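Visitor: Just passing along the structure, written as structure tokens.
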Amino acid sequence: MSDYDLTEAEVVKITVYGGVVSPAYTRLLMQKTDLPLTDILALDRVQKNLPVPERAAAHLKRAKLIEGRRPHLHVSALIAAAAGNKATYIRRRALDDAYYAKLLTELLRKFGTASRAEINQMLVPKLSETLTEEKKLFKINNLLTKWRKSGLIRNLGSDRTPRWALAEKKE
């Protein structure tokens, strides 16, 4: 039994929005875990990007069964592994900023400089699938600002047409 109690109306919300969208997913989780049915149904909704009642989401987060921030929740690595969705898990979760910095430094080492459009072309597909296109561009802007302030990169162009390069190491 779960350590939270859903009202009958909340259980109906979980199951009525289209039923169990993925019977195979639900069966697999029931076989590989000892999770109660309410948790499995809520996880199925998370996997399908459907709304989950707030209390159910809070419970799943405390149990480390889901990750992310509302409304961009995704199943945890534990659940992804049990369901055989490891690749989807990696595509949906946010990667470490150091990974993006490594990609950018490799680009700048090979080619010297890069425009914002070239950086976007490289990083946008690498960002989490849960982000909108606008949020991906905002994330890249924040990363560039962070890297510029930390002394990793510098802008050789203008604000309107930036041309990014690796910053010279101060010795």
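Visitor: Grab the Cα-Cα distance for residue 55 and residue 117, subtract it from 0.36 nm times how many residues apart they are, and report the gain in nm with one decimal. Don't jump to the answer; show the numbers that get you there.
Guide: Working: separation 62, 0.36 × 62 = 22.32 nm, distance 4.18 nm.
Once the chain is fully extended between residue 55 and residue 117, it gains 18.1 nm.
Visitor: Once the piece of chain linking residue 150 and residue 63 is laid out straight, how much longer is it, given 0.36 nm per residue of separation minus the C-alpha distance between them?
Guide: Working: separation 87, 0.36 × 87 = 31.32 nm, distance 3.63 nm.
Answer, rounded to one decimal: 27.7 nm.
Visitor: Another question, if that's okay. Count of lysine pairs in the stretch 35-131 with Cα atoms under 27 Å apart, counting only pairs 8 or more residues apart in sequence or on different chains?
Guide: Taking the stretch 35-131 as the scope, the lysine pair count is 13.
Visitor: Still on this model: For residue 27, project a label point 7 Å along Cα to C-beta. Then give me every residue of the stretch 39-71 with its amide nitrogen under 20 Å of that point.
Guide: 39-45, 47-48
Visitor: Cα-based Rg (one decimal) and Dmax (whole number) for the stretch 28-155, in Å?
Guide: Rg, Dmax (Cα atoms, Å): 18.0, 55.
Visitor: What does the charge dipole of the stretch 97-166 about its Cα centre add up to, to the nearest 20 debye, if the Cβ of each Lys and Arg holds +1 and the Cβ of each Asp and Glu holds -1? Before the final figure, lay out each step's value.
Guide: Details: 14 positive and 7 negative charges, 56 e Å.
For the stretch 97-166, the charge dipole is close to 280 debye.
Throughout, read-outs are computed from the coordinates displayed, never taken from laboratory work. Just so it is clear, the model here is predicted, and its values are computed rather than measured. We place every Cβ from the backbone using ideal geometry, glycine too, and count neighbours over all the protein chains shown.
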